[in-house]
Amino acid sequence: MLKPSPQAKGRLIKRKLAIQPAFHETDMMGVVHNSNYFLWFEQGRLQIMFEVLPFDEAVKLGLFMPVVENICHYRKPVKFGMPLLLYTTHNLQTAYEGRLVFSHYLIHEKQRMAMAFGQTAMTLVDARTNKLVKEWSAETWHRYQALK
């Protein structure tokens with residue numbers, strides 16, 4: 001069971017991403033290999049995070065965005081070519097607490113059936129010191145708070 005997000009009281013941000021599994025993502029059983037779900041979850045998470053902190057800006061600022069927790073619950077087997085929608089949600093924090101949590105829901109687009117769901121938690125780390133970033137720049141925090 002997934003734990004409730006620690007920032008569950010904040011404004012909910014939602015993003016949708018169309019996914020169509022490729023043949024090379026399947027295993028010998030003809031089912032999408034479990035590792036691909038985490039790659040899709042990353043696409044959903046980064047779809048939100050790059051609005052706040054684009055990759056080139058993170059590099060200039062010397063920031064890493066490591067994943068500290070990844071969970072996936074597989075409900076139904078996903079196969080090559082299935083039309084899928086990945087819904088990623090995030091509750092905005094009123095103050096940065098050292099961790100950002102994203103929830104992911106993988107839905108069969110035509111059958112409207114849940115195929116998988118999961119959660120990803122990430123943090124920000126100073127690339128020079130490898131220490132947790134405790135405070136964001138005013139500009140980055142403003143972009144985070146302005147997410148819709």
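Read-outs: derived from the displayed coordinates by stated rules, not from any lab. As the structure is a prediction and not an experimental result, all values here were calculated from the model. As a convention, Cβ positions derive from the backbone with ideal geometry for all residues, glycine included, and neighbour counts pool all protein chains shown.
A Förster distance of 25 Å, applied to the separation of the beta-carbon atoms of SER35 and PHE64, puts the FRET efficiency at 0.70. Other residues within the sphere of radius under 14 Å centred on the Cβ of SER137, judged by their own Cβ, net out at -1 (K and R +1, D and E -1).
Given +1 at the Cβ of Lys and Arg, -1 at the Cβ of Asp and Glu and no other charges, the dipole of the chain around its Cα centre is 540 debye to the nearest 20.
Based on the reciprocal of the average 1/r between different C-alpha atoms, the Kirkwood radius for segment 12-145 equals 15.9 Å.
Want the number for ASP126 to TYR87: 0.36 nm per residue separation, take away the alpha-carbon distance, what's left? It would help to have the intermediate numbers written out before the result.
Values: separation 39, 0.36 × 39 = 14.04 nm, distance 2.93 nm.
Taking ASP126 through TYR87 to full extension adds about 11.1 nm, to one decimal.
Within the chain, which is the longest segment containing none of the GluC sites (Glu not before Pro) that sit in a DSSP loop and have at most 14 other Cβ atoms within 10 Å? Write out the running numbers ahead of the final one.
On the way: sites that count: GLU97, GLU109, GLU135.
It runs 1-96.
When you count the other C-beta atoms within 10 angstrom of each residue and take the mean per peptide, 83-91, 125-133 line up highest first as 83-91, 125-133.
For the set LYS14/LYS134; LYS16/LYS79; LYS14/LYS60; LYS79/LYS148; LYS16/LYS60; LYS14/LYS76, the pairs lying more than 31 angstrom apart at their alpha carbons are LYS79/LYS148. Think of the chain as having a plus end and a minus end, set by charges on the Cβ of Lys, Arg, Asp and Glu; of THR26, PRO54, PHE64, THR26 sits farthest toward the positive end of this dipole.
Annotation: the residues HIS33, HIS104, sorted from fewest to most other C-beta atoms within 10 Å of their own C-beta, follow the order HIS33, HIS104.
What translational diffusion coefficient, to the nearest whole µm²/s, does segment 74-132 have by Stokes-Einstein, given a Kirkwood radius computed over alpha-carbon pairs, a temperature of 20 °C and 1.002 mPa s viscosity? Show your work: numbers first, answer last.
Numbers: Rh = 13.7 Å.
In µm²/s, the coefficient is 156.
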